[in-house]
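In what follows, a single structure is set out as structure tokens and then discussed.
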Amino acid sequence: MSVLQFSREELVDVYRTMRTIRRFEERVMEEMATGDIPGNTHLYAGQEASAVGVCLQLRDDDYISSTHRGHGHSIAKGVDIDSMMAELFGRASGTCGGKGGSMHIADLRKGMLGANGIVAAGAPITCGAALSAKLLGTGQVAVAFAGDGAMNEGVMSESFNLAKIWMLPIIFVIEDNGFGEATANAFVSAGSFTRRAESYDIPTIEVDGTDVFSVYAAAGEAVERARAGGGPTMLHVHVPRYYGHYSGDPDTYRTPEEKAAMRRERDCLSNFRQRVKEVSLVETAELDAVDEQVEAAIGRAVSAARAAPFPPTSALTTDVYVKYL
């Protein structure tokens with residue numbers, strides 16, 4: 001996918017979304033240090049092009065499911081950052097009323113079926129959403145975002161099988177950052193992820209997750225296949241992970257030199273700036289202005305979250321069980 005196929009306005013919007021994800025995560029890391037955000041967070045910084053490139057191909061009524069590292073997917077699908085930040089702070093104005101926190105952000109109005117603290121648990125949920133779209137004939141597609149660790153979970157294989165047998169309109173996006181928590185993939189993952197999916201006759205595409213245009217093109221092919229009744233696709237997206245596995249992870253299993261090189265050579269935002277500069281579509285000053293606007297928006301989200309009330313004690317027993325009668 002060529003950068004020239006996007007208008008200037010579209011390119012600015014793409015950059016704005018990626019920058020919003022990056023700064024949201026950086027600010028969350030800063031706020032975690034104050035102790036005001038309860039629980040834990042798993043940051044998406046470095047992987048922005050994957051979520052944005054995929055979600056650019058989706059309609060508002062399409063579905064996604066996420067992982068414990070779900071802030072980026074949520075923002076890319078259009079979930080409000082004020083509500084997200086409030087959720088992280090445990091406030092009543094959060095996406096889940098302040099009761100879910102980082103690993104359970106959801107917004108069904110945006111088709112965001114939820115982040116999930118259980119590895120690979122989003123895959124079968126997304127199969128259900130895809131099945132409903134197929135049976136109702138809505139033309140919707142569903143995207144299951146998952147990490148490389150999810151590929152070693154049995155439920156992922158079961159989801160591949162269901163998706164192919166039922167020819168579901170689903171895309172499995174495996175964001176491979178090379179590590180499952182603190183363990184390098186090479187120590188725990190046998191064989192090839194693409195060959196695993198292909199063993200179910202699911203088409204696969206290898207993607208450079210630092211290039212939003214490559215992700216967009218691959219996602220477009222997968223979405224087109226799904227909407228046309230061609231069944232599932234797996235995208236194997238190679239991404240860097242800038243922070244440790246979780247917010248308190250000292251990340252000593254990677255050398256300082258390795259991490260510095262990753263940020264220097266595999267930054268989707270820097271790559272984007274270079275690409276648009278080469279074709280003279282967007283001025284550097286305009287992107288700098290976006291940076292300032294995003295910084296202000298994230299600052300407002302934090303201030304609003306701090307000022308928002310906590311959930312009332314009466315909320316403790318709501319949203320726990322579904323009442324069918």
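The values are calculated or read from the model by the stated rules, or taken from the named source; none is laboratory data. All values reported here derive from a predicted model rather than from experimental measurement. Cβ coordinates were reconstructed from backbone atoms using ideal geometry, including for glycine residues, and neighbour counts include every protein chain displayed. Heads up: the accessible areas ignore ligands, DNA and RNA and are worked out on the full protein's heavy atoms, side chains in. Shrake-Rupley method; radii C 1.70, N 1.55, O 1.52, S 1.80 Å.
If you go through region 206-225 and keep only what is in contact with a His (Cβ under 9 Å, 6 or more places away or on another chain), crowded, with 20+ Cβ neighbours inside 10 Å and not in a loop (DSSP other than H, G, I, E, B), you end up with just Val207. Of the residues making up region 285-307, not a single one is among the hydrophobic types (A, V, I, L, M, F, W, C), under 27 Å from Pro38 (Cα atoms), open to solvent by 60 Å² or more (accessible area, probe 1.4 Å) and assigned to a loop (DSSP other than H, G, I, E, B). Every listed requirement among (1) open to solvent by 90 Å² or more (accessible area, probe 1.4 Å); (2) within 30 Å of Thr183 (Cα to Cα); (3) hydroxyl-bearing (Ser, Thr, Tyr) is met by Tyr246 save one, (1).
Which of the numbered conditions does Met1 fail, given that it passes all the others? Conditions: (1) of a type outside the set (Ser, Thr, Tyr); (2) touching a Phe, Trp or Tyr at 6+ places or on another chain (Cβ under 6 Å); (3) modelled with pLDDT of 95 or more; (4) farther than 27 Å from Ala260 by Cα. Going through the list (1) of a type outside the set (Ser, Thr, Tyr); (2) touching a Phe, Trp or Tyr at 6+ places or on another chain (Cβ under 6 Å); (3) modelled with pLDDT of 95 or more; (4) farther than 27 Å from Ala260 by Cα, Met1 breaks only (3). When restricted to residues that are in contact with a helix residue (DSSP H, G or I) (Cβ under 9 Å, 6 or more places away or on another chain) and not in a loop (DSSP other than H, G, I, E, B), region 94-124 contains 8.
Scanning region 226-253 for residues that are in a loop (DSSP other than H, G, I, E, B), farther than 15 Å from Ala45 by Cα and of a type in the set (Val, Ile, Thr) yields a single hit, Thr252. Figure legend. Inter-residue proximity from region 158-184: first residues on the phi < 0 side of the Ramachandran plot and among the hydroxyl-bearing types (Ser, Thr, Tyr), second residues part of a strand (DSSP E or B) and open to solvent by less than 30 Å² (accessible area, probe 1.4 Å), beta-carbon distance below 9 Å, spacing 6+ or different chains. Indicated pairs: Ser159/Ala144; Ser159/Ile170; Ser159/Phe172. Can you spot a residue in region 264-279 that is more than 29 Å from Ala197 (Cα to Cα), assigned to a loop (DSSP other than H, G, I, E, B), β-branched (Val, Ile, Thr) and in contact (Cβ under 8 Å) with a residue 24 or more places away in the chain? Scanning region 264-279 turns up at least one residue that is more than 29 Å from Ala197 (Cα to Cα), assigned to a loop (DSSP other than H, G, I, E, B), β-branched (Val, Ile, Thr) and in contact (Cβ under 8 Å) with a residue 24 or more places away in the chain. When region 256-269 is filtered for residues that are open to solvent by less than 70 Å² (accessible area, probe 1.4 Å) and farther than 22 Å from Glu30 by Cα, only Ala261 remains. Scan region 26-34 and tell me whether some residue there is farther than 24 Å from Gly244 by Cα, at pLDDT 95 or above and surrounded by fewer than 23 Cβ atoms within 10 Å (Cβ to Cβ). So far as region 26-34 goes, no, none of its residues is farther than 24 Å from Gly244 by Cα, at pLDDT 95 or above and surrounded by fewer than 23 Cβ atoms within 10 Å (Cβ to Cβ).
The residues in region 35-57 that are open to solvent by 10 Å² or more (accessible area, probe 1.4 Å) and on the phi > 0 side of the Ramachandran plot can be counted, and the count is 2. Pick from region 71-93 the residues that are outside any helix (DSSP H, G or I) and without any contact (Cβ under 8 Å) to a residue 60 or more places away in the chain: which of them is most open to solvent (accessible area, probe 1.4 Å)? The qualifying residue most open to solvent (accessible area, probe 1.4 Å) is Asp80. Across region 169-201, the qualifying residues are those that are among the hydroxyl-bearing types (Ser, Thr, Tyr) and within 23 Å of the chain's Cα centre (by Cα), and the one among them that is nearest to Leu135 (Cα to Cα) is Thr194. Within this structure, Ala144 passes the test of being within 19 Å of the chain's Cα centre (by Cα), outside any loop (DSSP other than H, G, I, E, B) and under 25 Å from Tyr242 (Cβ atoms).
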